[in-house]
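Q: I have a structure here, written as structure tokens, and I will follow up with some questions on it.
Every number here is computed from the coordinates shown, using simple stated rules; none is lab data. Only a predicted model underlies this, so the values are computations on that prediction, with no experimental measurement involved. Counting neighbours? That spans all protein chains shown, and the Cβs are built from the backbone with ideal geometry, glycine included.
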Amino acid sequence: MGGEPNLFYTTEDGEHALLGTLIGPGGENLTEKHTAEFLAESQSADLQNALEAARTAPLQIQEGEGGHQLYITVDPNCPFCTAYHEVTREILDLITINWIPVGILGEDSLRQVALIADADDTLTALEKSLGQGVDGEPSDAGRELAERNTNQMLNANLNAAPISIWVNADGTPVKRSGVLDAETLKSLADN
């Protein structure tokens, strides 16, 4: 209704549902309070799910030597992913990046991810494919791994590239879309 979340209340017996604003003692809008609590819990669960999907991605390419883990979805045909890769060059001593190749920008993206999966040196293959692509036909196993990787990210609502996921010092996961600048990336190492 109007793009806003709605909260339904049910009677104890489950026979009736009410839609509307629930007003508590003193005129407090309890629906607004309950909706905010529900959305916060839902978003937290979504972030935990996204973090777990990133951590368990079947195809990850690790780079860097820092103690802080950063997971980044990357589509070989995405110009923003190519730019992001360049930004990360100066922070590899501070952060460990786990590149998660996904094929979300079409069939050629999936083919590129499959070729990366087939490579003996996946980091070099990723770097070659970013922005320029590589020729060749992947193996069936490479295609299957590319599809599994992509589907796992899509099922976790990581449906764009680049998306970055990390855990703050307080233990809460954070998800950001787009290219993060070097200063933001450096600040992750301080957490």
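Q: Using amide H atoms built 1.01 Å from N in the peptide plane, name the residues 5+ places from G103, or on other chains, whose amide H lies under 5 Å from its own.
A: T150
Q: Let me know the volume per residue of the alpha-carbon convex hull for segment 66-124, in Å³. Intermediate values should be presented prior to the final figure.
A: Values: hull volume 4.5 nm³, N = 59.
Convex hull of Cα atoms, per residue: 76 Å³.
Q: ³J(HN,Hα) across segment 145-160 via Karplus (A = 6.51, B = -1.76, C = 1.60, θ = phi - 60°), whole Hz, x for Gly/Pro?
A: Whole-Hz 3J(HN,Hα) from phi for segment 145-160: 5, 4, 5, 4, 4, 4, 5, 4, 5, 4, 5, 9, 6, 9, 10, 8.
Q: What's the local net charge at V134, with K and R +1, D and E -1, over the other residues with C-beta under 13 Å away?
A: On the way: positive: R111, K128; negative: D108, D118, D121, E127, D135, E137.
That sum, taken over residues with Cβ under 13 Å, equals -4.
Q: Amide H neighbours of G131 under 5 Å, counting only residues 5+ apart in sequence or on other chains, H built in-plane at 1.01 Å?
A: Correct list: C78.
Q: Could you run the Karplus curve 6.51 cos²θ - 1.76 cosθ + 1.60 with θ = phi - 60° over segment 112-118 and give me ³J(HN,Hα) per residue in whole Hz, x for Gly and Pro?
A: Working through the residues one at a time gives 4, 4, 5, 5, 4, 4, 6 Hz.
Q: I've got another one for you. With θ set to phi - 60°, apply the Karplus curve 6.51 cos²θ - 1.76 cosθ + 1.60 along segment 96-102 and write out the HN-Hα couplings as whole Hz, x wherever there is a Gly or Pro.
A: 9, 9, 10, 6, 10, x, 9
Q: Taking a virtual spin label 7 Å from the Cα of T56 along the C-beta vector, which residues in segment 85-102 bring their backbone nitrogen under 18 Å of it?
A: What the label zone holds, given the 18 Å backbone N cut-off, is 100-101.
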